[in-house]
1. For segment 254-365, which fully contained helices (runs of 4 or more DSSP H) count at least 1 residues that are surrounded by fewer than 18 Cβ atoms within 10 Å (Cβ to Cβ) and either within 16 Å of ligand 2 (Cβ to nearest atom) or of a type in the set (Phe, Trp, Tyr) (or both)?
2. Take the residues in segment 37-68 that are in a helix (DSSP H, G or I) and polar (S, T, N, Q), then tell me which one is nearest to ligand 2 (Cβ to nearest atom).
3. Where residues in segment 165-189 are within 16 Å of ligand 1 (Cβ to nearest atom) and in contact with a strand residue (DSSP E or B) (Cβ under 6 Å, 6 or more places away or on another chain), which of them is farthest from residue 238 (Cα to Cα)?
4. Residues that are of a type outside the set (S, T, N, Q) and touching a Phe, Trp or Tyr at 6+ places or on another chain (Cβ under 7 Å): does segment 375-384 have at least one?
5. Could you check segment 154-165 and list, in sequence order, the residues that are under 15 Å from residue 218 (Cβ atoms), more than 9 Å from ligand 2 (Cβ to nearest atom) and in a loop (DSSP other than H, G, I, E, B)?
6. Go through segment 371-416 and tell me which strands (runs of 3 or more DSSP E), entirely inside it, have 3 or more residues that are of a type in the set (S, T, N, Q).
7. Return yes or no: is residue 180 at pLDDT 95 or above, under 20 Å from residue 137 (Cα atoms) and either within 16 Å of ligand 2 (Cβ to nearest atom) or over 22 Å from the mean Cα position of the chain (by Cα) (or both)?
Amino acid sequence: MKFFIETIGCQMNVNDSDDISEYLSSCGYEKTTDYLKADIVVLNTCSVRFSAEHKAYSFLGRLKEYKEQNPNVIIGVVGCMAQYAYKEIKKKCPFVDFVLGAKNIQNFPEIINKFIDSKQTKHKTAKKETFKYITIARGCSNFCTYCIVPFVRGQEVSIDSDKIYSFAKEAVDNGTKEITLLGQNVNSYDFNGTNFTKLIQKISSISGLERLRFMTNHPKDLSDELINEIARNNKVCKHIHLPLQSASDRILKLMNRKYTYEQYKELVFKIKNKIPDINITSDIIVGFPTETDDDFKKTFLAAKELKFGGLFIFKYSPRPKTFALQFNDDVSVEIKQKRLYELLEESNIISKKINSNYINKKVDVLVESFQDNICCGRNSQNLKVFFPAEQNLNGKIVKVNINNALANSLSGNMIV
Ligand code: 5AD
Ligand code: SF4
């Protein structure tokens, strides 16, 4: 018996899908990468932009045909879109057996057990996973006006720090080298007085753990205490993803981001000052309602001024339930596209230039894949590094001398 799982969206979803896979494996199901061979198909959805929903419905279209030919296959839709478009999915896709929203994703075993002979035939096997994602908080209470997350994942709830610790310890004891702590805003983590800095100290004390990463950060909550900890702690990777969204104060206000560009800039300079080898990446939304050429220019100039290591740029997409839905989505698709390309082009030039500083320098790479005699891994700054190798070095940390730099990756030769 086989299962297939398709994941759309962020690392949170990837993490939820991992839990689902683990449960189905413990029930004796084998994972397949071909949905046409699966007895159970799970689609884990995202709702952050319309394009993610479109992707889900087009996959559901293919699943409809598959179900027509194989009526016994069990099809489940889970995740963020399943949370708020529950009725619509049921109506548009009556062939779907169950719909389970992101807020109740932990009930997956209970739901699937209604469809399968649920005896867990295997005990949870201690799998060696070099990289492990751990969710430390669910939901978000920030209510940025464009964002659907607080509505589909609920208000922010921090997970018990002792539970996070035991989970991390177990993973490291089984061979995990790198842990990524996940939350919509890790900086506001607080469990009974354990704040995010304390959590980082606690997790990084686990012996055998080599690297600790985290995301995402909110500029309004990133404390000096945390910046000092990142600077001081050798296990904490030197990468901060710090979404700016826009550099126009007027747009930032309409977005309810609770900082001005000046405050954001000061924060970036403070971080760079205290952690000179830090890589700061960011998210930008172009074409937010009422965004003028002048507003966009501010964002464009900010990218030049702050020199991000990488930018993720999105066209504003109106989302159900959000406050911004009341604003007129008045920036045309063409202008959104034009701004996106313009910024992307500039951002790639900047990133390539920053990355060229690595040329002739040695970086530590934790290897994650090996194909056609090329190993790929990441350095502390989260940049992909490629280098030729004769054997699979997955899970090893090796030194690489960099001889080429692109906008999104580095390459070089391993030092033996
Ligand atoms: N439209 C476009 N981009 C969005 N994001 C969140 N909501 C929207 C939306 N409605 C982007 C933000 C966020 C990233 C994860 O997705 O930039 O940081
Ligand atoms: Fe959405 Fe803002 Fe929360 Fe990020 S901080 S998940 S953008 S509401």
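1. On the way: elements: 261-274, 293-306, 333-355.
The qualifying helices (runs of 4 or more DSSP H) are 261-274, 333-355.
2. The residue in question is 51.
3. Kept after step one, since they are within 16 Å of ligand 1 (Cβ to nearest atom), are these residues of segment 165-189: 180, 182-188.
In the following step, the residues that additionally are in contact with a strand residue (DSSP E or B) (Cβ under 6 Å, 6 or more places away or on another chain) were identified as 180, 182-183, 186.
On the way: 180: 13, 182: 16, 183: 18, 186: 16 Å.
It comes out as 183.
4. Start the filter on segment 375-384 by keeping residues that are of a type outside the set (S, T, N, Q), which leaves 375-378, 383-384.
Next, only the ones that are touching a Phe, Trp or Tyr at 6+ places or on another chain (Cβ under 7 Å) stay: 375-376.
Looking for residues that are of a type outside the set (S, T, N, Q) and touching a Phe, Trp or Tyr at 6+ places or on another chain (Cβ under 7 Å), one finds at least one in segment 375-384, hence yes.
5. Applying the first criterion (under 15 Å from residue 218 (Cβ atoms)) to segment 154-165 yields 155-156, 158.
In the following step, the residues that additionally are more than 9 Å from ligand 2 (Cβ to nearest atom) were identified as 155, 158.
Residue satisfying the conditions is 155 alone.
6. Working: elements: 374-378, 384-388, 397-405, 409-414.
It comes to 397-405, 409-414.
7. Details: at pLDDT 95 or above: yes; under 20 Å from residue 137 (Cα atoms): yes; either within 16 Å of ligand 2 (Cβ to nearest atom) or over 22 Å from the mean Cα position of the chain (by Cα) (or both): no.
No; evaluated as a whole, the condition is false for this residue.
Table: residues versus (1) in contact (Cβ under 8 Å) with a residue 40 or more places away in the chain; (2) more than 30 Å from residue 323 (Cα to Cα); (3) in contact with a Phe, Trp or Tyr (Cβ under 6 Å, 6 or more places away or on another chain); (4) more than 16 Å from ligand 1 (Cβ to nearest atom).
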{"residue": "39", "(1), (2), (3), (4)": "no, yes, no, yes"}
{"residue": "47", "(1), (2), (3), (4)": "yes, no, no, no"}
{"residue": "57", "(1), (2), (3), (4)": "no, no, no, yes"}
{"residue": "61", "(1), (2), (3), (4)": "no, yes, no, yes"}
{"residue": "83", "(1), (2), (3), (4)": "yes, no, no, no"}
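The values are calculated or read from the model by the stated rules, or taken from the named source; none is laboratory data. Bear in mind the structure is a predicted one, so any value in this text is a computation, not a measurement. Glycine gets a Cβ as well: all are built from the backbone with ideal geometry, and neighbour counts include every protein chain shown.
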